[in-house]
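Participant: Have a look at this one.
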Amino acid sequence: MTYLDYLRNWPEQWKKLQSLLLQPSVDQSVLEASLRAAQQQLPAPVLWLLGKTQSGKTSIIRALTGSETAQIGNGFQPCTRYSRFYDFPETAPIVRFLDTRGIGEVDYDPAEDIDYCDRQAHLLLVVMKAADINQQEIFSIINDVRRQHPHWPLLMVQTSLHELYSDAVEHILPWPYQLNPWPASIPSELQRALLAQRAAIANLPGDAPVHWVPVDLTLPEDGYTPSDYGLAALWQAIEQLLPLGLQQQLSEEQTVRDVYTRAAHQQTVGYAFAAAGLGALPVVDLVAVTALQAKLLHSLAVLYRQRWDARSVSEFVGLLGTGAATAYLSRMISRTLTKLIPFAGQTVGAIWGASASGAATYALGKASIYFFEQRKQGLNVDPEILRRIYAESLETGRAILSERLRATAKRTS
Amino acid sequence: MDFWRKWVNPLQLIVLMLFLLPFLAIFGLGIWWLWQGGYLLYWLIVVAVCSAAAYGSQFWAARRNRTALNELLTEPDADWSPRTNEIWQQVEQLADHCEPLDWPLDNIDWVTVLGKRTLDTVARCYFPQAERPILELTVPHTLLIIEQASRDLRQDVINNIPFSHRLTIGDCLQANRWKMRAEKLYNFYRVGRVAINPVNALLGEFWRYFRERSFGLARGEFHRWFLRAYIRKVGYYAIDLYSGHPPLTMEDATVASLHTPVPPSSHDLAQVRKAQAAVEEPLRILVLGKSNAGKSSLINALYGKLFTPTDILPGTTSLFTPALLIREGFTQALIFDSPGIDSIHFSKHEMLQTALEADLIIWVTAANRSDRKGERNMLDALRIHQTTHLHRRPPPLLVAVSHIDLLRPFNEWYPPYDLNDQTNAKANNIREAVETIATDLDVPVTFVIPLCLKENKRYNVEDAFWTTILAQQDNALRVRLLRCQTTRKKSEDWELLRKQLLNSGRFLWNLPDTIKNRIAP
């Protein structure tokens, strides 16, 4: 569909846009096509988790995303049945976890996974239990990886530290593994096991750094506090090796917030990235972007258990005010026009368009979160606050997106 | 009066008297009635006849005992020279003149004193010119003589005195003390009785005299025999030694010369001895599993002492090194600790060979590691190898599930866990792990025992695991296994214990239906 075609059909498109904005239901096929296009344009970074079954991969996913839905292996049955993706959030992912299954059971050939990761931003996380000394299979795989890609950094995560606590039943606080040398309070068996794993790959090919982070990510009912022992260090290492602002995207602020807010934030960021992906296309499909935004609002309504029908939609749009609506439309149009400028306009327009549609989606999501939160608590929605949140979120959204877009642009250029 | 206060509660005495009074009265009344009816004389005659008959029988029985015991007395060797026979006469004389009253059995000194006196007698005959002839004997020889004599005497006592194997010296002493106490009380009774009922008392005293005579006779008889037998034994061996027999082959010589069996019996005997020797073969236990699964810890836990090194870093066990478990008086066990099946030291060929010779295979697997594909492959290879050796019955294979303390919830450990308890998260996880392992390794779930092997958290090893091992053995092996253990439950108790442990859910009896269905398709 060329731009001219698009303009020629504009009355029809406009009708679609109207119905999308005002109707709560979203056409599934339109949405899927939009998401696929967005994913292609702006793929989510991949965290490749490499480790034996039950080495603690799922616990890492759960700790990083804060999602309680991530199925946790119970320590004895492989819960990963095949080499699979775990997209988070599910429909419009911020991050994609690549989970390799059955290492040590089948003859695993990493070539395919290497190839897959090569095409997008990624980080290889090697996960191993501290007490499981025999890691020959894993080490030979990362040897292969580094022989092909000497510049790929490695993040080695040593898990389940408590298995080697001799008599202690508590973690050593604060997390002492950044100290050099390690303090004597770390049990000697644990120290030796950790160092033995490190020594085993001392002669790894390649030049990129290898980071080691000992963590113990448990469930609250396991009786260890904190249950995310070493998570801060893990995040720090991830941000250092893969500077995409993932932590901010997944948890917004450092402070602990309730599950709803965190999930809503993740959903919003995910859809904002998808919208940004669509916005980067030479021809912005307004319908597609709007479909994403409508879907986002719909998902958030479900999350907050709020009714989302034509009345709610018009109430929300009405409160947001005509100012926001006009600004929204003018942005869309001006962005489309910029792209008509040959060469420079194409690139600048692409980035601007991407960040614009992404930021707009982000702002829309954030405003609706306030809207739903107030309604859930049975409070009135203050239009002033709603508009202010929208305006502020446009800026923060742009900031969040630009980091990611720049990384992608660098990658593709 | 101390005695009264210590042993008799006056109130209790009154109660006892009240109980007995009517019956004692009947006795007195009976006598009175006899006297009134003029039957007293007849009754006295009956009493006298009965007592005489009883005394006669008792005397006769004692005599028979004495003859039987005397037959056991050591006789002089027919090959001895006349001079030696003379010395033997002296020993017999010493034995015959030994008075039981001088040598109370509860004082163990008589063993040495009497033994020394006998030796002295014999030595004096052989070395008449020596000032102290007993000094001519070397210490080992003296000890050897007493040892031989005591051993023979022990055999005789065990074979001929009923219940002697149950009787301890402590029992004897205890019985003696009680007897003295009872006699004291009885004396009081006797004095009282005379005052109350003189006629009755007179009869009682009369009767008592006979009774004491007859029983005292039997006891004194045994005592006398015992001392005589001892002196004669010591004398016999002393003479044997002094007359120039090489002491160290003495045993063999007597066995060979006196008990040489006829040829067919000797063949059978050889067969029996061979079979016995086979039973005394050490028990061979092979422990297999992955590195750090806890093989060495299991061995240390099973035998309650540290004899194989354990460490978090693998490689502490490099070969199929047998550790020999020996305990005094128990069957030996050879325990083959092995390198982990995933270790570079591991040799499959060696494992299969060792497994063929094993009486029991213990497979150790960690509850918190689910990658059991390699273990299953190795296990299948072992099974195939066993089927190719039809002449050997495959030994039972038990699976020890270690590290159950590391299952979720991680920081909880409050054993014992009832695996049938659906409400306990830890018990649920242990059960699921056991069931999964039974399926993964294709082993009946009864043979899969959850364990904790940490030194301060040991659980299920000595009871559940051990009884499961025993349940899988046939009788001969089971006996040997039981003998490998020191302070375990008695052999007849382990089956009961196993049932109790099963019922309390310490290990599983059946796979639940869900798992069975999972295997079926």
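Participant: Report yes if B:GLU435 is among the acidic types (Asp, Glu) and either touching a residue at least 60 places away in the same chain (Cβ under 8 Å) or buried (at least 22 other Cβ atoms within 10 Å of the Cβ) (or both), otherwise no.
Facilitator: When the stated conditions are applied, B:GLU435 passes them.
Results for (1) at pLDDT 90 or above; (2) of a type in the set (A, V, I, L, M); (3) over 24 Å from B:ILE469 (Cβ atoms), shown as yes or no for each residue.
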{"position": "B:ALA366", "(1), (2), (3)": "yes, yes, no"}
{"position": "B:GLY374", "(1), (2), (3)": "no, no, yes"}
{"position": "B:ARG392", "(1), (2), (3)": "no, no, no"}
{"position": "B:VAL401", "(1), (2), (3)": "yes, yes, no"}
{"position": "B:PRO409", "(1), (2), (3)": "no, no, yes"}
{"position": "B:ASN424", "(1), (2), (3)": "no, no, yes"}
{"position": "B:PRO444", "(1), (2), (3)": "no, no, no"}
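Participant: Do any residues in the range A:373-387 that are free of Cβ contacts under 8 Å to residues at least 60 places away in the same chain have Cβ atoms under 7 Å from those of residues that are surrounded by 12 or more Cβ atoms within 10 Å (Cβ to Cβ), where the two are at least six apart or on different chains, and which pairs are they?
Facilitator: These pairs meet every condition: A:GLN374/A:VAL381; A:ASN380/A:GLN374; A:ILE385/A:TYR370.
Here's the yes/no breakdown for (1) within 13 Å of chain B (Cβ to nearest Cβ); (2) outside any strand (DSSP E or B):
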| site | (1), (2) |
| --- | --- |
| A:ASP167 | yes, yes |
| A:PRO174 | no, yes |
| A:LEU179 | no, yes |
| A:ALA184 | no, yes |
| A:ALA193 | yes, yes |
| A:VAL213 | no, no |
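Participant: Among the strands (runs of 3 or more DSSP E) lying completely within the range A:23-126, list those that include at least 2 residues that are in contact with a Lys or Arg (Cβ under 7 Å, 6 or more places away or on another chain) and either within 14 Å of chain B (Cβ to nearest Cβ) or at pLDDT 85 or above (or both).
Facilitator: In the range A:23-126, the matching strands (runs of 3 or more DSSP E) lie at A:46-50.
Participant: I'm checking my understanding of the structure. Among residues of the range A:369-396 that are acidic (Asp, Glu) and in a helix (DSSP H, G or I), which one is surrounded by the fewest Cβ atoms within 10 Å (Cβ to Cβ)?
Facilitator: Looking at residues that are acidic (Asp, Glu) and in a helix (DSSP H, G or I), I get A:GLU384.
Participant: How many residues does the range B:326-351 hold that are modelled with pLDDT of 80 or more, in a loop (DSSP other than H, G, I, E, B) and away from chain A (no Cβ under 14 Å)?
Facilitator: 2
Participant: Which condition does B:SER402 not pass, out of (1) over 17 Å from B:ILE285 (Cβ atoms); (2) under 41 Å from the mean Cα position of the chain (by Cα); (3) within 14 Å of chain A (Cβ to nearest Cβ), if it passes all the others?
Facilitator: Unmet for B:SER402, out of (1) over 17 Å from B:ILE285 (Cβ atoms); (2) under 41 Å from the mean Cα position of the chain (by Cα); (3) within 14 Å of chain A (Cβ to nearest Cβ): (1).
Participant: Would a scan of the range A:221-232 turn up a residue that is under 29 Å from A:ILE94 (Cα atoms), away from chain B (no Cβ under 14 Å) and either in a helix (DSSP H, G or I) or modelled with pLDDT under 85 (or both)?
Facilitator: yes
Participant: Would it be correct to say that A:HIS162 is modelled with pLDDT of 85 or more, outside any strand (DSSP E or B) and within 13 Å of chain B (Cβ to nearest Cβ)?
Facilitator: It is true that A:HIS162 is modelled with pLDDT of 85 or more, outside any strand (DSSP E or B) and within 13 Å of chain B (Cβ to nearest Cβ).
Participant: Moving on to the next point. Against the condition within 18 Å of B:LYS457 (Cα to Cα), surrounded by fewer than 21 Cβ atoms within 10 Å (Cβ to Cβ) and either within 33 Å of the chain's Cα centre (by Cα) or more than 14 Å from chain A (Cβ to nearest Cβ) (or both), how does B:PRO415 come out, does it pass?
Facilitator: Yes, satisfied.
Listed here are the residues, each with its yes/no results for (1) touching a strand residue (DSSP E or B) at 6+ places or on another chain (Cβ under 6 Å); (2) modelled with pLDDT of 80 or more; (3) away from chain A (no Cβ under 13 Å); (4) part of a strand (DSSP E or B).
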{"position": "B:ILE430", "(1), (2), (3), (4)": "yes, yes, no, no"}
{"position": "B:ILE437", "(1), (2), (3), (4)": "yes, yes, no, no"}
{"position": "B:THR468", "(1), (2), (3), (4)": "yes, yes, yes, no"}
{"position": "B:VAL479", "(1), (2), (3), (4)": "no, no, yes, no"}
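Participant: In the range A:127-159, what residues are within 14 Å of chain B (Cβ to nearest Cβ), in contact with a strand residue (DSSP E or B) (Cβ under 7 Å, 6 or more places away or on another chain) and of a type outside the set (Asp, Glu)?
Facilitator: A:VAL127, A:MET128, A:LYS129, A:ALA130, A:GLN135, A:ILE138, A:GLN158, A:THR159
Participant: Restricting attention to the range B:86-103, which residues are modelled with pLDDT of 80 or more and surrounded by 13 or more Cβ atoms within 10 Å (Cβ to Cβ)?
Facilitator: Within the range B:86-103, B:ILE87, B:TRP88, B:GLN90, B:VAL91, B:GLU92, B:LEU94, B:ALA95 qualify.
Participant: Hey, among B:ARG376, B:ARG392, which residue is among the basic types (Lys, Arg), away from chain A (no Cβ under 14 Å) and touching a residue at least 24 places away in the same chain (Cβ under 8 Å)?
Facilitator: Only one candidate qualifies: B:ARG392.
Participant: Are any of the residues in the range B:32-45 surrounded by 11 or more Cβ atoms within 10 Å (Cβ to Cβ) and modelled with pLDDT under 85?
Facilitator: So far as the range B:32-45 goes, no, none of its residues is surrounded by 11 or more Cβ atoms within 10 Å (Cβ to Cβ) and modelled with pLDDT under 85.
The values are calculated or read from the model by the stated rules, or taken from the named source; none is laboratory data. All figures in this text were calculated on a predicted structure; none of them were measured in a lab. Counting neighbours? That spans all protein chains shown, and the Cβs are built from the backbone with ideal geometry, glycine included.
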